[in-house]
Amino acid sequence: MVNKNALSLAQSVMDAIDGALTVKLKELKPASVTKKWSAWLKKVFDASGVKDAHAHRFRKTFGVDLLIHGAPLEMVSKALGHRNTVITEKFYLRFVPKLQEQLAEHIAKTWQ
């Protein structure tokens with residue numbers, strides 16, 4: 001059975017990923033783990049041709065995907081560790097047109 005969601009990765013990307021798997025994290029100090037992780041991700045992004053990429057993209061993708069798939073804003077806010085939903089709204093809502101439309105409808109109903 002073929003997975004329709006599977007990605008085909010270039011050999012250079014696979015090599016960058018394989019290189020990271022050889023790092024012995026238990027030998028690293030906490031501060032150096034972050035540096036190694038960031039350096040490794042940079043190699044993967046470069047090999048993939050992704051410009052101006054950084055690890056925070058995974059966090060944004062996670063939050064936006066949750067919202068797109070119907071997770072309540074309050075739950076997404078908690079999952080991302082935000083103090084309140086205002087932060088989540090400010091940085092994530094703009095990527096989810098469906099929620100923007102719902103918000104506009106609620107505002108319109110409120111002022112009718």
Which of the peptides 40-48, 101-109 is most tightly packed, and how do the rest follow, judged by the mean count of other Cβ atoms within 10 Å per residue? 40-48, 101-109
Report, in listed order, any pair from 78/98; 43/98; 43/90; 35/60 with a Cα-Cα distance greater than 27 Å. 43/98; 43/90
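Laboratory data are not the source of any read-out in this text; all were calculated from the coordinates shown. Please read these numbers as outputs of a predicted model, since none were measured by experiment. Reconstructed Cβ throughout: ideal geometry from the backbone, glycine too, with neighbour counts over all protein chains shown.
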